[in-house]
Amino acid sequence: MSSNSEQQASSNPTAPLAPYGLIGEKLSHSWSAEIHEKLGSFPYQLHELSASELKGFLKDQPWRGLNVTIPYKKDACALADATSKDAQAIGAANTLVKDTNGFIAADNTDVYGFEYLIKSLKVNLSQKKAIVFGAFGGAGQAICYALKKGGAYVVGVSRNPHESSSYVDCAITYDQLKLHYDANLLVNATPVGMFPHAGVSPLSKEELSAFTSLQCVIDLIYNPLRSQLLLDAESLGILNANGLKMLVAQAARASSLFLGKDVSGSQIESISRELHASKENIVLIGMPGVGKTSTGEALAKLLNRPWIDTDFLIKQKAHCEAATYLQTYGEAAFRRLEHEVIQEISSMSGVVISCGGGVVVTPANYQLLRQNGKLVYLTRPLEDLAIAGRPLSQSVGIQELAAVRIPLYEAWADVTFSCLGSPDADAKSLLDTL
């Protein structure tokens with residue numbers, strides 16, 4: 001994401017212009033500066049431009065390399081002095097390079113980025129049917145072009161029945177999807193489901209399950225890390241991927257054009273892993289008294305990340321201890337309040353979250369926590385669990401709670417970790433495990 005200093009620099013006409021940057025209309029949630037710093041194409045600034053500012057900025061400002069995003073990819077291509085084969089074919093550019101004479105060359109590295117992602121997933125496109133939502137937008141056109149290059153039969157989906165493209169074999173509207181339930185690949189190139197509107201999808205889970213030949217689902221969205229579409233694909237056992245690796249790969253190709261040196265596949269993989277890990281929450285679940293709070297706090301300190309305890313947030317909302325609220329108003333009311341808290345923190349990234357022991361009894365909490373989180377199930381022998389100050393452990397009993405909850409913890413968990421020592425020792429050991 002952009003820092004305040006980057007945004008100020010881009011809007012301050014007296015500040016020196018960084019040689020590299022990103023232009024677009026709204027960039028507050030861009031990760032480009034972070035990626036390009038790792039690639040070496042830095043200093044890198046974000047420039048939010050209006051349509052009337054675009055031409056002047058491109059022609060008059062002393063930049064050396066620019067990335068281009070919504071809604072200026074087609075304009076950037078038209079304003080360039082020369083275009084690559086890919087940019088010319090698509091009619092859109094996401095990368096611009098300016099030489100010392102002011103000559104602007106345009107390219108479209110989205111094509112390389114998508115091809116890299118497909119290759120990493122080991123998906124064979126030849127003679128396969130691929131459906132692309134948002135096929136006629138800037139990113140969608142690049143996707144369709146890459147799919148055609150790979151030998152796929154491309155079905156483009158949009159809300160406008162009259163849109164067409166030379167890289168789309170069949171253009172349909174959403175209500176015609178049932179004619180193509182034999183598709184092998186599904187790609188979402190629309191912003192549906194992107195932060196801050198997470199939790200929605202171009203397709204219902206029922207519609208997705210009707211595609212009986214799907215090998216893979218790709219959603220170009222990477223914020224949240226797992227869109228609703230990807231969560232649904234995951235629950236159906238379908239190979240799925242977000243657009244983060246494509247983002248890094250297209251940036252790597254752009255950086256190589258900026259700097260005149262190649263970026264290796266291993267560097268793309270390394271940056272993708274680092275970025276994913278830095279954005280992914282670590283969510284601790286498990287029985288009451290297992291050590292979620294103490295271990296979570298210690299882990300957050302080790303990682304230098306913010307730490308969130310859902311029971312503490314409940315205390316702030318209810319103006320009393322979580323246990324007191326549960327005893328006073330009952331478990332149903334407590335679970336509703338807990339769910340509200342989970343909804344409020346679900347869009348956060350890069351944090352450690354310690355959940356209450358009963359978070360798993362509300363099914364809707366899973367997708368909220370999973371969209372940006374790795375779920376870690378902490379275990380400890382039941383006889384070692386403290387019950388003091390834990391109303392349900394006392395009234396229901398540890399054994400009965402465990403009988404209901406342990407299958408849920410196991411179903412939710414991405415990682416299972418046994419707490420064997422002190423919170424600090426467990427946090428260090430968990431960090432090694434992760």
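Indicate the gyration tensor shape class of the range 17-72 (rounded, prolate or oblate), computed on the Cα atoms with a ≥ b ≥ c the square roots of the eigenvalues: a/c under 1.5 is rounded; otherwise a/b larger than b/c is prolate and the rest oblate.
Working: a/c = 2.60, a/b = 1.33, b/c = 1.95.
It comes out oblate by the Cα gyration axes.
For LEU434 and GLN88, FRET efficiency with R0 = 41 Å and r from the beta-carbon atoms, rounded to 0.05? Can you show the working numbers first?
On the way: r = 45 Å, r/R0 = 1.10.
The value I calculate is 0.35.
With θ set to phi - 60° and the Karplus curve 6.51 cos²θ - 1.76 cosθ + 1.60, what are the ³J(HN,Hα) couplings of the range 209-217 in order, to the nearest whole Hz, using x for Gly and Pro?
5, 6, 7, 7, 10, 5, 8, 7, 10
Find out how many positive minus negative residues lie around ARG64, taking Lys and Arg as positive, Asp and Glu as negative, among other residues whose Cβ is under 12 Å from that of ARG64. Don't jump to the answer; show the numbers that get you there.
Working: positive: LYS98; negative: ASP99.
Around ARG64, the surrounding residues sum to 0.
Give me the percent of accessible area attributable to carbon and sulfur for the range 310-360, probe 1.4 angstrom.
49
Using a cut-off of 15 Å between beta-carbons, work out the net charge of the residues near LEU229 (Lys and Arg +1, Asp and Glu -1, LEU229 not included).
-2
When the Cα centres of the range 243-315 and the range 377-422 are compared, how far apart do they sit, in Å?
Cα centres, the range 243-315 to the range 377-422: 27 Å.
Only residues of the range 204-243 count here: report those whose backbone N is under 11 Å from the spot 7 Å along Cα→Cβ of TYR174, or say none.
Only 204 pass the distance filter.
Among GLN394, GLN45, GLN215, determine the one that fluctuates most according to a GNM of the chain built with springs between C-alpha atoms less than 10 Å apart.
Highest fluctuation among the options: GLN394.
What residues have an amide H closer than 5 Å to that of CYS216, excluding those fewer than 5 places away on the same chain, when H is modeled at 1.01 Å from N in the peptide plane?
Under 5 Å from the amide H of CYS216: LEU186.
Pairing the Cα long axis of helix 265-279 with the longest principal axis of the chain, what angle in degrees results, from 0 to 90 and rounded to the nearest 10?
On a 0 to 90 degree scale, this one is about 40.
Please give, to one decimal in nm, the separation of the simple spin-label points placed at LYS301 and LYS317, each 7 Å out from Cα toward the Cβ.
So the label points at LYS301 and LYS317 sit 2.8 nm apart.
Given the DSSP H assignment, sum -39500 (n - 2.57) over each helix run of at least 4 residues in the chain and divide by its residue total; what's the result at 222 nm in deg cm²/dmol, nearest 500?
Details: 19 runs with 188 residues, N = 434.
Result for the chain: -12500 deg cm²/dmol, rounded to the nearest 500.
Over the chain, what is the relative contact order in percent, taking alpha-carbon pairs closer than 8 angstrom and at least six residues apart?
On the way: 803 pairs, mean separation 47.4, N = 434.
RCO, the chain: 11 percent.
Return the FRET efficiency for the residue pair ASP182, LYS122: r is the Cβ-Cβ distance, R0 is 25 Å, and the value is rounded to the nearest 0.05. Mind dumping the intermediate values first?
On the way: r = 21 Å, r/R0 = 0.84.
The value I calculate is 0.75.
Treating the angle as unsigned and between 0 and 90°, give the value, to the nearest 10°, between the Cα long axis of helix 292-303 and the longest Cα principal axis of the chain.
40
Could you state the accessible area per residue of the chain in Å², with a 1.4 Å probe and every protein chain left in place? Walk me through the numbers before you get to the answer.
Details: 19280 Å² over 434 residues.
That works out to 44 Å² for each residue.
Taking amide H positions as placed in the peptide plane 1.01 Å from N, state which residues far from LEU22 in sequence (5 or more) or on other chains have amide H under 5 Å from it.
Correct list: GLN45, LEU46, HIS47, ASN67.
Report in % the part of the accessible area of the range 123-235 that belongs to carbon and sulfur, leaving out ligands and nucleic acids; probe 1.4 Å.
Details: 2280 of 4530 Å².
Looking at the range 123-235 in its full context, I get 50 percent from C and S.
As I understand it, the value is the acute angle between the Cα axis of helix 244-259 and the longest principal axis of the Cα atoms of the chain; what does it come to in degrees, rounded to 10?
Its long axis makes an angle of about 40 degrees.
Compute a Gaussian network model of the chain, connecting alpha carbons closer than 10 Å, and tell me which residue from CYS144, CYS320, CYS419 fluctuates the most.
CYS320
SER204 to ALA386: FRET efficiency via 1/(1 + (r/R0)^6), r the Cβ-Cβ distance, R0 41 Å, to the nearest 0.05?
Working: r = 44 Å, r/R0 = 1.06.
That pair, SER204 with ALA386, gives E of 0.40.
Below 8 Å, C-alpha to C-alpha, sequence gap of six or more: please give me the relative contact order for the range 329-434 in percent.
Values: 70 pairs, mean separation 29.5, N = 106.
Result for the range 329-434 is 28 percent.
Nearest-5 percent of antiparallel DSSP beta bridges in the chain?
Working: 7 of 54 bridges.
Around 15 percent antiparallel, to the nearest 5.
Would the range 225-305 count as rounded, prolate or oblate if I go by the C-alpha gyration tensor, calling it rounded below 1.5 in a/c and otherwise prolate when a/b exceeds b/c, oblate otherwise?
Details: a/c = 4.08, a/b = 1.65, b/c = 2.48.
Taking the square roots of the gyration eigenvalues as a ≥ b ≥ c, the range 225-305 is oblate.
Return a whole-number percent for the relative contact order of the range 123-231, with Cα pairs under 8 Å and 6 or more residues apart as the contact set. Walk me through the numbers before you get to the answer.
Numbers: 209 pairs, mean separation 28.0, N = 109.
Reported as a whole number, the value is 26 percent.
Once you order the gyration tensor axes a ≥ b ≥ c over the Cα atoms, which shape class does the range 104-238 get: rounded for a/c under 1.5, otherwise prolate or oblate by comparing a/b with b/c? Provide the component values of the computation, followed by the final result.
Values: a/c = 1.30, a/b = 1.19, b/c = 1.10.
Taking the square roots of the gyration eigenvalues as a ≥ b ≥ c, the range 104-238 is rounded.
Could you derive backbone 3J(HN,Hα) for the range 110-126 from the dihedral phi with the Karplus parameters 6.51, -1.76 and 1.60 (θ = phi - 60°), listing whole Hz in sequence and x where the residue is Gly or Pro?
4, 4, 4, x, 5, 4, 5, 4, 4, 5, 5, 7, 6, 9, 8, 8, 4
Counting other C-beta atoms within 10 Å, and keeping those with at most 16, which DSSP coil trypsin sites (Lys or Arg not before Pro) do you find in the range 87-171? Intermediate values should be presented prior to the final figure.
Working: sites: LYS98, LYS119, LYS122, LYS128, LYS129, LYS148, LYS149, ARG159; in loops: LYS122, LYS128, ARG159.
Hits after loop and neighbour filter: LYS122, ARG159.
Which of LEU66, LEU230, LEU337 ends up with the largest GNM mean-square fluctuation for the chain, with Cα atoms connected below 10 Å?
LEU337
Read phi for every residue in the range 335-342 and hand back ³J(HN,Hα) as whole Hz from Karplus 6.51 cos²θ - 1.76 cosθ + 1.60, θ = phi - 60°, with x for Gly and Pro.
5, 5, 5, 4, 4, 4, 4, 4
The values are calculated or read from the model by the stated rules, or taken from the named source; none is laboratory data. Treat the numbers as computed from the prediction; the structure is a model and nothing was measured. Cβ atoms come from the backbone with ideal geometry, glycine included; neighbour counts cover every protein chain shown. What goes into the accessible areas is simple: the full protein's heavy atoms, side chains included, and nothing from ligands, DNA or RNA. Shrake-Rupley method; radii C 1.70, N 1.55, O 1.52, S 1.80 Å.
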